[in-house]
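Participant: Pasting in a structure now, in structure tokens, and then I'll have a few things to ask.
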Amino acid sequence: MAQCLGQVFSKDKTFRPRKRFEPGTQRFELYKRAQASLKSGLDLRKVVQLPDGENINDWIAVHVVDFFNRINLIYGTMSEFCTEKSCPIMSGGPRYEYRWQDGDQYKRPTKLPALMYMNLLMNWIESLINNEHIFPTRESLFLRTFSRCAKRY
């Protein structure tokens, strides 16, 4: 078991460490509140509602980062077993194929092996999360574009 975990969490693999909220910050407190409510078996509608007096942008940011961390764990585990040969296409079953386009290196939708697609996707998401203009680390300093973007999705 320890050997398997060592392979999954090896620094030279594609697994990324979790993003953390700095203790003592408002986001850390929001994160703790969200985690406590998820573990208590409450109604999911109530769990995702904005707590009274909290900034919606901070609340959304906490959940985006938490979701990224959870997906990252799944990705880190699967990347050990998915190779270019075993997963030659990023697909959602036999009817759907995902193609990568970033406007820089891939200007047109491009068919990629699943591992490469996921690596590009995780890097892109991480770059957004680490971008101070999109996810500022100081509470409530979000640009208007974040609110507009959040409303769209």
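Participant: Answer yes or no as to whether residue 112 is modelled with pLDDT of 95 or more and farther than 17 Å from residue 65 by Cα.
Facilitator: Taking the combined requirement at face value, the residue satisfies it.
Participant: For region 48-67, how many residues meet the condition of being in a helix (DSSP H, G or I), farther than 13 Å from residue 31 by Cβ and in contact with a helix residue (DSSP H, G or I) (Cβ under 6 Å, 6 or more places away or on another chain)?
Facilitator: Of the residues in that region, 1 qualify.
Participant: All but one of (1) modelled with pLDDT of 90 or more; (2) of a type outside the set (Val, Ile, Thr); (3) surrounded by 15 or more Cβ atoms within 10 Å (Cβ to Cβ) hold for residue 142; state the number of the condition that does not hold.
Facilitator: Going through (1) modelled with pLDDT of 90 or more; (2) of a type outside the set (Val, Ile, Thr); (3) surrounded by 15 or more Cβ atoms within 10 Å (Cβ to Cβ) one by one, residue 142 breaks only (1).
Participant: Further, regarding this structure: Quick check on my filter: what residues within region 88-118 are over 19 Å from residue 72 (Cα atoms) and exposed (fewer than 10 other Cβ atoms within 10 Å of the Cβ)?
Facilitator: 93, 94, 95, 96, 103, 104, 105, 107, 108
Participant: Restrict the check to region 53-66 and report whether at least one residue is at pLDDT below 75, at negative phi and surrounded by 16 or more Cβ atoms within 10 Å (Cβ to Cβ). Before the answer, list the steps.
Facilitator: Pass one, region 53-66, residues at pLDDT below 75: none.
Checked against the condition, which is being at pLDDT below 75, at negative phi and surrounded by 16 or more Cβ atoms within 10 Å (Cβ to Cβ), region 53-66 yields no hits at all.
Participant: Condition first: exposed (fewer than 14 other Cβ atoms within 10 Å of the Cβ) and either in a helix (DSSP H, G or I) or touching a helix residue (DSSP H, G or I) at 6+ places or on another chain (Cβ under 8 Å) (or both). Now tell me which residues in region 78-87 satisfy that.
Facilitator: Here is the first cut: in region 78-87, the residues exposed (fewer than 14 other Cβ atoms within 10 Å of the Cβ) are 81, 83-86.
Listed by number, the residues that qualify are 83, 84.
Participant: Only one of these is of a type in the set (A, V, I, L, M, F, W, C) and at pLDDT below 70: 30, 73, 44. Name it.
Facilitator: Step by step, each of 30, 73, 44 is checked, and only 44 is of a type in the set (A, V, I, L, M, F, W, C) and at pLDDT below 70.
The values are calculated or read from the model by the stated rules, or taken from the named source; none is laboratory data. Since the model is a prediction, treat every value here as computed from it, not as a measurement. As a convention, Cβ positions derive from the backbone with ideal geometry for all residues, glycine included, and neighbour counts pool all protein chains shown.
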